[in-house]
Amino acid sequence: QVQLVESGGGLVQTGGSLRLSCAASGRTFSSYLRAWFRQAPGKEREFVSAINWSGTITYYADSVKGRFTISRDNAKNTVYLQMNSLKPEDTAVYYCAAGTTATPKLPYSYNYWGQGTQVTVSS
């Protein structure tokens, strides 16, 4: 059974930091694109960041560029999202995803999804 399990969410004040992790099991994703999306209440799921299989190419939404950093450890089948300088507008459920896609910013391009972890940034 393939599973993606996110962890590391929580409540943090504006300007704080969190590190999200997404551990995969059931198969290896070392050749897969890995990504993070988020969804705030009443809004559509939006792209946050993605990283290619080797970690040499990364993608970021403009809203998080310079504040968030994505990384991966293929030996651990895990992807991370370091989030710094958090803002209230970063509040959302964060989902990790895995897929083999040429369109990393489109959610329907991904085959596997986690259940999500809540990130709440208080003002």
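Could you state the accessible area per residue of the chain in Å², with a 1.4 Å probe and every protein chain left in place? Could you put the intermediate results ahead of the total?
Details: 6270 Å² over 123 residues.
I get 51 Å² per residue for this part.
Over the chain, with every protein chain in place, what whole percent of the accessible area is carbon and sulfur at 1.4 Å, could you tell me? Show your work: numbers first, answer last.
Working: 3030 of 6270 Å².
Carbon and sulfur atoms account for 48 percent of the accessible area of the chain.
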Compute the FRET efficiency between Gln3 and Glu89 as 1/(1 + (r/R0)^6), taking r as their Cβ-Cβ distance and R0 = 22 Å, and round to the nearest 0.05. 0.15
Output the peptides 12-18, 115-121 sorted from most to least packed, where packing is the average of other Cβ atoms within 10 Å over each peptide's residues. 115-121, 12-18
How many lysine pairs in the chain, separated by 8 or more positions in sequence or lying on different chains, have Cα atoms less than 19 Å apart? 4
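Tell me, what does the Kirkwood hydrodynamic radius of segment 51-102 come to in angstroms if you use every pair of distinct C-alpha atoms?
Its Kirkwood hydrodynamic radius stands at 12.4 Å.
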Put a dot 7 Å past each Cα toward the Cβ at Thr58 and Ala23; how far apart are the dots in nm? 2.3 nm
By the gyration tensor of its Cα atoms, with a ≥ b ≥ c the square roots of the eigenvalues, what is the shape of the chain: rounded for a/c under 1.5, prolate for a/b over b/c, or oblate? prolate
Return the single residue from Thr103, Thr91, Thr69 with maximal mean-square fluctuation; model: Gaussian network over the chain, springs between Cα atoms under 10 Å. Thr103
For a Förster distance of 22 Å, can you work out the FRET efficiency between the beta-carbons of Lys105 and Ser31, rounded to the nearest 0.05? 0.65
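If you place +1 on the Cβ of every Lys and Arg, -1 on the Cβ of every Asp and Glu, and leave all else neutral, what size is the dipole of the chain about its Cα centre, to the nearest 20 Debye?
Dipole about the Cα centre, nearest 20: 160 debye.
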Ordering 1-10, 28-37 by per-residue average of other C-beta atoms within 10 angstrom, highest first, gives 28-37, 1-10
For the pair Ser122/Ser71, report the inter-label distance in nm, with labels modelled 7 Å from Cα in the Cβ direction. 2.9 nm
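The values are calculated or read from the model by the stated rules, or taken from the named source; none is laboratory data. Treat the numbers as computed from the prediction; the structure is a model and nothing was measured. Here Cβ is always computed from backbone atoms with ideal geometry, including for glycine, and neighbour counts include all displayed protein chains. Ligands, DNA and RNA are excluded from the accessible area calculation, which covers all protein heavy atoms including side chains. Shrake-Rupley method; radii C 1.70, N 1.55, O 1.52, S 1.80 Å.
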